[in-house]
Amino acid sequence: MGTVSHEQEPAAPAPRGGASPMGRYGPLVSITHFDTAPRELEWQLPLEGELYRLIPGPDRPDYSLLVLERPLHFYPATGFDLGRVEADQQVEDRKGRPMVRVHALLVCARFVGQQLHPGMHDLAVNIAYVIDNSLARDAVVDFAKIEVAAVGFISEGHVSGPSTPGEADAPAEAASTDDDVVADAARVLRDGVAAHRGRPVDRLSATLVVGADHRLAGLSGNADGEAPVPTPETFEQVNEVLARLDGLAGGPAGAAEDSSVQDGARRFTVRVEGDSVVLEKNRDASA
């Protein structure tokens, strides 16, 4: 029961006027931020997937099964019965702590009078992990097959898809120094590595070589005992942050030009632990 069954005919909400971006099984959606959520869930943002079908529950008729594009992992709370979860969904993090892998979520609008709908943007939803994938075949929601997860905000489409009108008019606020930009890039790297591994990264130390074109030209370091290898998506997200270096005046801890790499490149050494980012001063540019 490692994946959600797709044997039955999908019954995802149909668009009502205007074409919604569709996947193989239903409308594409994404959860990009939370109101309340466990920390390990925040590491795995964005949560992207498809609305597979509507399932009525004993308390309301409009629960939606969201099949995830990639599985996510959570730490079971004290007292959680792992017997509720199939063996292939039980995993451990690097410290040997138990985690549960899930392939789907159950969501519903948080507020009375609201529903998931075509064109929705940042609709507040209650989110539960689907810990028993047979729920996909059930006629009615069985609360024994889910575990309450978070309160978040869901939007139509995937983050990597075409922007909706107005999104391009709200660029991220530029940092004031080189150090601020590199700190943001380090956080993006840490979060991307965590999302790819499917578990939090507690400590990251890395050396970033930034080229004259403000793109990542070299990377080395350690993320909880493993190399912090970024996915192509994370690599581009880091480069998007580093692009903000263009035109900045720099900061006192920013690295000098590095003669060991290509002309104009600079080297930054950073440590990330939780919300804290420390940039180490590079007193020389030697390799």
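Output the residues belonging to region 200-225 that are of a type in the set (Asp, Glu) and free of Cβ contacts under 8 Å to residues at least 40 places away in the same chain. Spell out the reasoning first.
Just the residues of region 200-225 that are of a type in the set (Asp, Glu), to begin with: 202, 213, 224.
Across region 200-225, the qualifying residue is only 213.
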*May I ask you to verify whether residue 124 is outside the structural domain of residue 202 (by TED's automatic domain parsing), modelled with pLDDT of 95 or more and surrounded by fewer than 17 Cβ atoms within 10 Å (Cβ to Cβ)?*
yes
*Does residue 118 satisfy being in contact with a Lys or Arg (Cβ under 7 Å, 6 or more places away or on another chain), modelled with pLDDT under 95 and not acidic (Asp, Glu)?*
yes
*Some residue of region 35-47 being outside any loop (DSSP other than H, G, I, E, B), touching a helix residue (DSSP H, G or I) at 6+ places or on another chain (Cβ under 9 Å) and of a type in the set (Phe, Trp, Tyr)*: yes
_Looking at 221, 254, 264 in this structure, which one is at positive phi and at pLDDT below 90?_
264
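In this structure, does residue 171 turn out to be modelled with pLDDT under 85 and over 26 Å from residue 53 (Cβ atoms)? Break it down into steps so the answer makes sense when it comes.
Numbers: modelled with pLDDT under 85: yes; over 26 Å from residue 53 (Cβ atoms): yes.
Answer is yes for this residue.
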*So which of 86, 42, 69 ends up being at negative phi and free of Cβ contacts under 8 Å to residues at least 60 places away in the same chain?*
42
*Could you please let me know if residue 163 is more than 23 Å from residue 37 (Cβ to Cβ), modelled with pLDDT of 90 or more and surrounded by fewer than 19 Cβ atoms within 10 Å (Cβ to Cβ)?*
no
*Given the structure, is residue 196 part of a loop (DSSP other than H, G, I, E, B) and modelled with pLDDT of 80 or more?*
no
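Among the residues of region 106-119, write down those that are part of a loop (DSSP other than H, G, I, E, B) and either under 25 Å from residue 143 (Cβ atoms) or outside the structural domain of residue 134 (by TED's automatic domain parsing) (or both).
Matches in region 106-119: 110, 111, 112, 113, 114, 115, 116, 117.
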*Odd one out for residue 63, checked against (1) more than 21 Å from the chain's Cα centre (by Cα); (2) surrounded by fewer than 21 Cβ atoms within 10 Å (Cβ to Cβ)*: (2)
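The values are calculated or read from the model by the stated rules, or taken from the named source; none is laboratory data. What you see is a predicted model; the values in this text were computed from it and never measured. Positions of Cβ are backbone-derived with ideal geometry, glycine not excepted, and every protein chain shown enters the neighbour counts.
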